[in-house]
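Enquirer: I have a structure I would like to understand better, so I am pasting it below and will then ask my questions one at a time.
The values are calculated or read from the model by the stated rules, or taken from the named source; none is laboratory data. Please read all numbers here as calculations on a predicted model, not as lab measurements. A quick note on method: Cβ atoms are made from the backbone with ideal geometry, for glycine too, and the neighbour counts reach across all protein chains shown. Side chains are part of the model used for accessible areas, which takes the heavy atoms of the whole protein and leaves out ligands, DNA and RNA. Shrake-Rupley method; radii C 1.70, N 1.55, O 1.52, S 1.80 Å.
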Amino acid sequence: MRSQQSETASSGADQGAEDSSPSLEVASTYLLDFFATGGRSVLIRGDPGTGKTSLVLQLLDYHSKNGFKSVYQSTRLSAKTLKSHQPHFEVVQGKYGTVPRLEEQQIGFQDSRRMDGVRAISGLRQYLEQVANPFVVLDSWEGLFFESHTLGVEEISKLVEDYDARFVVVTERREQTDLDYLLDGVVVLRRKYHQGRIVREIELKKLRGVSIMQSRFLFTLDSGKFRYLPPFKVSTTNGTSQDQVGAPIDSRGKFYSTGSPSLDLLLGGGFRRGSFNLLEAENDVPDEVKSLFLRTLLSNFVNTGHGVLYIPFVGASKEDLGAMLPNLSDQTIERSISVLSYDASEAKKSSSLQGEMKVDSQLTNSKLDEIQKRTPNKPVLIVQSQDAFEGLYGAEAVSKILTESIAGLKSKGNIRVQITSPSVKLLPELRAFSDSDMRLEMIHGTPVLYTSKPLSVLHGVIRDTTATGKIGLVPIV
């Protein structure tokens, strides 16, 4: 989300990706590019609880650490409340109607909850006459002018016009006002619901001087910080041996790790022995997102000494598996992962699926026995494609053996992950049989994952910052 016009903003965004400090988490958004390329005033609109204050506090913190004198005039918070919620901010409170002299990286605070609007703006004007590089937030402006909306618009528009400063004006009004047209930018925050779960959305309605390639994005207030969740970028290069997935995570009691601590937490500890686990992936989810999930899962089971039986989509090959697991050597893949797939040109080979259920079931069971002999004390991970099963044998034939196959899974104590699209006919039966049900979807270009068994909130899917080849999850709260 960076403009090519702003070297300074781009540098800050790159730092933020590594640092993730509160002041820089917002640095990769269009807002910093907007200010860096000459934008002077922006209106941030949203209902109570949508995250407006969290966003502006991080903008204040960022600017106070980058040469600006940041001033926060609030009709909603006291200095005591602000410090209790954001203890890392160095907040200095001014006397009634004034803002204090600020040292480097301090934020000036003006409690305007019981202040007349004209007097509050007058005090702010006196301060702006005395300082260079001011960054000002008015939160929320209607609290100053609740008796006269017209007077408020007039005072704020004059203030913005008269001073060479950067202004953020916050409002809880849903309807448009004259400020929407008078200020350089308009940003809207929303708290919505998706599948009964909270989803937070930021919309960039107007930012003069910045090309908006995408107007809506997801964000979260996890840990009390505003963090936008970027659209998933598909890599233009294949994975390399440097695409590591971090140290393997061993089993903990009856739970076997997915390889991702955040996904383990979502599942209540990981996969149970003898469990049937469903991953529902919408059709618009990029293959690279699904590969990230599988790379995390398969690598961890292999690196903790488990055998894996992989029955992918029709036509997939061992070469495809190698491309998905660049962190594993060909020898390790050959030794630890058995692949059964169907390819019409290979169907005559005894090591390939034939497209006949009875023959293929015998082959699958034979492969499982072979793997279990190599790792007798560890459950085998079985990863299957439901779409391939129904495509090869038909939904009716698969339905007849579903109960039997799951019963066999539980009796042998193995772990199965069934990957399915929403179009398969047996989806209701799969959901009923599943011990865990994970769902992978796309919202505004960002992949999200949540579970219905056990019940969870929405999580944004990212590449784990500590291991580039591993899936990471950020709760949207």
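Enquirer: Among (1) assigned to a helix (DSSP H, G or I); (2) surrounded by 16 or more Cβ atoms within 10 Å (Cβ to Cβ), there is one condition residue 265 misses while meeting the rest; what is its number?
Expert: (2)
Enquirer: What helices (runs of 4 or more DSSP H), lying completely within segment 96-213, carry at least 3 residues that are among the small types (Gly, Ala, Ser)?
Expert: Helices (runs of 4 or more DSSP H) meeting the threshold: 117-128.
Enquirer: Just the residues that are under 20 Å from residue 58 (Cβ atoms) and either without any contact (Cβ under 8 Å) to a residue 12 or more places away in the chain or open to solvent by 10 Å² or more (accessible area, probe 1.4 Å) (or both), please, taken from segment 166-197.
Expert: 166, 172, 184, 188, 190, 191
Enquirer: A further question on this structure: Looking at segment 43-59, can you tell me whether even one residue there is open to solvent by 10 Å² or more (accessible area, probe 1.4 Å), among the polar types (S, T, N, Q) and touching an Asp or Glu at 6+ places or on another chain (Cβ under 8 Å)?
Expert: Yes: one or more hits.
Enquirer: Considering each residue of segment 353-378, count those that are in contact with a helix residue (DSSP H, G or I) (Cβ under 8 Å, 6 or more places away or on another chain) and touching a residue at least 60 places away in the same chain (Cβ under 8 Å), and give that number.
Expert: Final tally of qualifying residues: 1.
Enquirer: Kindly evaluate residue 323 against the criterion of being loosely packed, with under 14 Cβ neighbours inside 10 Å, under 29 Å from residue 437 (Cβ atoms) and at pLDDT below 90.
Expert: It is true that residue 323 is loosely packed, with under 14 Cβ neighbours inside 10 Å, under 29 Å from residue 437 (Cβ atoms) and at pLDDT below 90.
Enquirer: Next question, about the same structure. Please determine, by comparing only the residues of segment 268-303 that are assigned to a helix (DSSP H, G or I) and of a type in the set (A, V, I, L, M, F, W, C), which one is farthest from residue 447 (Cα to Cα).
Expert: Per the criteria, the residue is 302.
Enquirer: I need the full set of residues from segment 158-194 which are touching a strand residue (DSSP E or B) at 6+ places or on another chain (Cβ under 7 Å), farther than 25 Å from residue 71 by Cβ and not aromatic (Phe, Trp, Tyr), in order please.
Expert: Answer for segment 158-194, where residues must be touching a strand residue (DSSP E or B) at 6+ places or on another chain (Cβ under 7 Å), farther than 25 Å from residue 71 by Cβ and not aromatic (Phe, Trp, Tyr): 190, 191, 192, 194.
Enquirer: Also, I was wondering about something else. Just need a number here: residues in segment 388-407 that are acidic (Asp, Glu) and surrounded by fewer than 16 Cβ atoms within 10 Å (Cβ to Cβ).
Expert: Total satisfying the criteria: 2.
Enquirer: Something else now. Applying the selection to segment 447-467, what residues are surrounded by fewer than 20 Cβ atoms within 10 Å (Cβ to Cβ) and out of contact with any Asp or Glu (no Cβ under 7 Å at 6 or more places or on another chain)?
Expert: 454, 455, 456, 457, 462, 463, 464, 465, 466, 467
Enquirer: Moving to a separate point now. Please go through segment 221-246 and give me each residue that is among the hydrophobic types (A, V, I, L, M, F, W, C) and either modelled with pLDDT under 85 or touching a Lys or Arg at 6+ places or on another chain (Cβ under 6 Å) (or both), ordered by number.
Expert: 234, 245
Enquirer: I need a count of the residues in segment 242-262 that are acidic (Asp, Glu) and either closer than 21 Å to residue 460 by Cβ or surrounded by 17 or more Cβ atoms within 10 Å (Cβ to Cβ) (or both).
Expert: Count: 1.
Enquirer: Anything in segment 64-91 that is more than 19 Å from residue 167 (Cα to Cα) and outside any loop (DSSP other than H, G, I, E, B)? List them, or say none.
Expert: Of everything in segment 64-91, those that are more than 19 Å from residue 167 (Cα to Cα) and outside any loop (DSSP other than H, G, I, E, B) turn out to be 79, 80, 81, 82, 83, 84, 85.
Enquirer: Can you tell me how many residues in segment 63-93 are touching a residue at least 24 places away in the same chain (Cβ under 8 Å) and either polar (S, T, N, Q) or open to solvent by less than 20 Å² (accessible area, probe 1.4 Å) (or both)?
Expert: Number of matching residues: 14.
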